Amino acid sequence: MTNVTDILIIGGGVIGCALARELSRFSASVLLVDRAWDVAEGASKANSGIVHAGYDAVPGSLKAKYNVEGAQLYPSLCEELSVPYRQCGALVVGFSEEDRDTLEDLLSRGEANGVPGLRIIGRDEMLALEPQLNPDACFALLVPTSGIVSPYELTFALADDAALNGVSFRFGVDVHSVSRESDGRFLVSTSQGDLFCRILVNCAGSSSAALHNQLSSVKYSITHRRGQYYLLDRPAALPFERTIFQCPSRMGKGVLVSPTVHGNVLLGPSAEDIDDPLNTETTQEGLDSVMEKVRLTWPGVSLRTNITNFSGVRAHEDSGDFVIGAVEGCPGAYEALGIESPGLSSAPAIARALCAQISEEQALTPSPETVPYRKPAVPFREMTPEEQEKALRENPLYGNVICRCEVVTEAEIVQAIHRPVPALHIDAVKRRTRAGMGRCQGGFCSPRVASIISRETGIPLLEITKNGGSSYLLTGTLSERAERKDRT
Ligand SMILES: Cc1cc2nc3c(=O)[nH]c(=O)nc-3n(C[C@H](O)[C@H](O)[C@H](O)COP(=O)(O)OP(=O)(O)OC[C@H]3O[C@@H](n4cnc5c(N)ncnc54)[C@H](O)[C@@H]3O)c2cc1C
């Protein structure tokens, strides 16, 4: 594979992948690299999945601009890419006069940002809308245009569309340093050798400030802010139709209780500053802080159906706003830096704006033709009985249910392995198909998924990993062990 490309994107989160998709519409070679072994392995896989309406960001900030523009793009983008998205609405609840002031403030910010339909409602209306809410809550900001999305499924779809249109993806490529050479090209030194490009785009999330500072005399600084969650199994009936927020604070948008697009219930996140952005462990202290706040919103909460906990790390730039555009004093270099919340909501708009700037300043010419997006098949569990029968007739692998909790068939796993950005490890299959996302968390299906990956790709079973690198699942075969025993 060549180490020279026109455009190099560092970071395969939702921002890097959305940008790659936009740039794939131009006649230039584009390579996206990520230190992880799949796309959506950073903040883009572990967040609340809320498409914020845009009432929280300070009017005039980049966060406000891109959040509102991005939220407007979501319905058509998710329809086009077949990504689960629902405009379920939200309530921001208040418990005191001080909270009422905060809600009034959010209302006027939202109106200044152009968010439609916002209004403050009283207790009766609030409880009529959401009967499980704490009756001690006095009022709430009603946000009809708030939405929910599957953040990693969106990232996979963006990446697949980019790959179909010629973008190359390389994983396990940790970028150590970036510099601009005397001929104007960039030298990007990585764990897999040196790469060269004419245009460099830094979408490296937690590393974005460190890489920026190697290119510019204007310096930025990122604080890594971890958020921990509880994920509850799918209940027979959702406790809340909408996302329920408490009033935001300096540390973020506060703890929420929200349905997910797959019908689970999400509780969190905490907000704690940490040193290592790769430290995504969950702690008793962090989870307790989440539950303390959740009980205030939802006194009837029970953790009996908790199926997993996880955490994600926000990249908070210390000025408090996004940094997007050309890198100061470094022609040919661009960035999307410090993209914390509402970064997911803003991603489609950030990608469009950045691509427009790059294509204009670098005189990129539009590609003569675009390969249409190949929508993944409807999941078997969502098909009607007639559709299931038809699918089974056309492909008998639909008859083999691999993940019983989430009803994922062998056909869907095989399709995920052969997507344009292929799923080559257990977690990659899990996030694309939901095999292992249910109550048993992969206890039953992981070995079967490993065998299918091995069969489909020719990768020896012993080399199949949980999430790439050296995260091997198996240490040897029983016959090898018997052989070793015979020799001793
Ligand atoms: C707890 C939490 C809750 C959130 N909730 C919401 C929400 O509800 N709504 C919303 O709009 N936003 C939310 N966000 C924000 C949103 O998740 C982020 O803004 C968005 O995912 C940022 O995308 P990104 O592509 O910039 O970063 P990332 O997804 O982190 O991607 C950056 C990529 O760069 C790679 N990388 C880093 N360093 C290097 C290197 N040196 N070499 C190679 N690759 C590198 C990483 O592996 C990673 O894949 C939340 C974030 C968190 C953490």
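The values are calculated or read from the model by the stated rules, or taken from the named source; none is laboratory data. Note that the structure is a prediction, hence the values are computed from the model and not measured. We place every Cβ from the backbone using ideal geometry, glycine too, and count neighbours over all the protein chains shown.
Quick look at the values:
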{"read-out": "Selected residue [at pLDDT below 95 and among the hydrophobic types (A, V, I, L, M, F, W, C)] from Phe95, Phe156", "value": "Phe95"}
{"read-out": "Out of Val294, Val255, Val301, sole residue that is within 12 Å of the ligand (Cβ to nearest atom) and hydrophobic (A, V, I, L, M, F, W, C)", "value": "Val255"}
{"read-out": "Search result, residues across the range 280-292 that are β-branched (Val, Ile, Thr) and surrounded by fewer than 16 Cβ atoms within 10 Å (Cβ to Cβ)", "value": "Thr283"}
{"read-out": "Residues located in the range 358-401, provided they are under 21 Å from Asp161 (Cβ atoms) and assigned to a helix (DSSP H, G or I)", "value": "Ile358, Ser359"}
{"read-out": "Of residues in the range 23-74 being closer than 18 Å to Leu164 by Cα, more than 10 Å from the ligand (Cβ to nearest atom) and crowded, with 24+ Cβ neighbours inside 10 Å, the one nearest to the chain's Cα centre (by Cα)", "value": "Leu23"}
{"read-out": "The lone exception for Leu424 - which of (1) more than 25 Å from Ser44 (Cα to Cα); (2) assigned to a loop (DSSP other than H, G, I, E, B) it fails", "value": "(1)"}
{"read-out": "Residue check for Gly12: under 28 Å from Glu369 (Cβ atoms) and within 6 Å of the ligand (Cβ to nearest atom)", "value": "yes"}
{"read-out": "Any hit, the range 150-168, residues being farther than 30 Å from Pro372 by Cβ, outside any strand (DSSP E or B) and out of contact with any helix residue (DSSP H, G or I) (no Cβ under 6 Å at 6 or more places or on another chain)", "value": "no"}
{"read-out": "Ser177 being within 14 Å of the ligand (Cβ to nearest atom) and in a strand (DSSP E or B)", "value": "yes"}
{"read-out": "Residue within the range 330-340 that is assigned by TED's automatic domain parsing to the domain that holds Pro135, crowded, with 23+ Cβ neighbours inside 10 Å and out of contact with any Ser or Thr (no Cβ under 7 Å at 6 or more places or on another chain) present", "value": "no"}
{"read-out": "Residue count, the range 75-101 (criterion: in contact with a strand residue (DSSP E or B) (Cβ under 7 Å, 6 or more places away or on another chain), under 26 Å from Val294 (Cβ atoms) and assigned to a helix (DSSP H, G or I))", "value": "1"}
{"read-out": "Cβ pairs under 7 Å, 6+ apart, first in the range 368-394 and among the hydroxyl-bearing types (Ser, Thr, Tyr), second not in a loop (DSSP other than H, G, I, E, B)", "value": "Tyr373/Glu80; Tyr373/Leu81; Tyr373/Asp161; Tyr373/Leu164"}
{"read-out": "Positions within the range 309-348 being β-branched (Val, Ile, Thr) and within 15 Å of the ligand (Cβ to nearest atom), in sequence order", "value": "Val313, Val323, Ile324, Ile339"}
{"read-out": "Tally of residues being surrounded by 15 or more Cβ atoms within 10 Å (Cβ to Cβ), in contact (Cβ under 8 Å) with a residue 24 or more places away in the chain and among the small types (Gly, Ala, Ser) across the range 443-481", "value": "3"}
{"read-out": "Selection within the range 75-100 - within 13 Å of the ligand (Cβ to nearest atom) and under 22 Å from Ser311 (Cα atoms)", "value": "Tyr85"}
{"read-out": "The range 190-217, subset assigned to a loop (DSSP other than H, G, I, E, B) and more than 11 Å from Val178 (Cβ to Cβ), residue nearest to the ligand (Cβ to nearest atom)", "value": "Cys203"}
{"read-out": "Filtered residues of the range 139-149 (kept if over 26 Å from Ala36 (Cα atoms) and outside any loop (DSSP other than H, G, I, E, B))", "value": "Phe139, Ala140, Leu141, Leu142, Val143, Gly147"}
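Yes or no, residue by residue, for (1) within 21 Å of Ile15 (Cα to Cα); (2) surrounded by fewer than 21 Cβ atoms within 10 Å (Cβ to Cβ):
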{"position": "Ala210", "(1), (2)": "yes, yes"}
{"position": "Ser217", "(1), (2)": "no, yes"}
{"position": "Gly227", "(1), (2)": "yes, no"}
{"position": "Gln246", "(1), (2)": "no, no"}
{"position": "Gly254", "(1), (2)": "no, yes"}
{"position": "Glu272", "(1), (2)": "no, yes"}
{"position": "Leu278", "(1), (2)": "yes, yes"}
